[in-house]
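The values are calculated or read from the model by the stated rules, or taken from the named source; none is laboratory data. Here the structure is a predicted model, which is why all the values come from computation and not from measurement. Please note: Cβ atoms are built from the backbone with ideal geometry, for glycine as well, and neighbour counts cover all protein chains shown.
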Amino acid sequence: MIMAELIVIESKAYDKLQDEQIERFKKALIEAKLEVSQIMADKTNMLPLEEAMKILPYKSKTKWQQMRDSGQIEFSKFGRKILYSRQSLLNYIKKNNVKMV
């Protein structure tokens, strides 16, 4: 035999609990929206190699590989496609006194 428990709560307390849940849900949605906005902003700051080569003077793919491997520049890899962070390229220029193309 399965026994069930019954919990009785005043309607005002129930309404308060429900309002708190709604507020938590709203907060979670706002945080998720901010996170998505950040991801979208990051995407617009990511450049393919051809565009990145317009910022830094290096034309050798080996040099770009070395900079990625050593952590000198930030990048993201999607399958075989590599995108470079525009901000990290600008930081690299400042740090290493490199002349922009």
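In the stretch 39-59, the condition of being at pLDDT below 90, in a helix (DSSP H, G or I), among the hydroxyl-bearing types (Ser, Thr, Tyr) and under 15 Å from the mean Cα position of the chain (by Cα) is met by at least one residue.
Do you know which of the residues in the stretch 60-88 that are under 22 Å from the mean Cα position of the chain (by Cα) and among the hydrophobic types (A, V, I, L, M, F, W, C) is surrounded by the fewest Cβ atoms within 10 Å (Cβ to Cβ)?
Taking the stretch 60-88 as the starting set, the residues that turn out to be under 22 Å from the mean Cα position of the chain (by Cα) are 67-88.
Adding the requirement that they be among the hydrophobic types (A, V, I, L, M, F, W, C) leaves 67, 73, 75, 78, 82-83.
Working: 67: 20, 73: 17, 75: 18, 78: 8, 82: 17, 83: 19.
The residue in question is 78.
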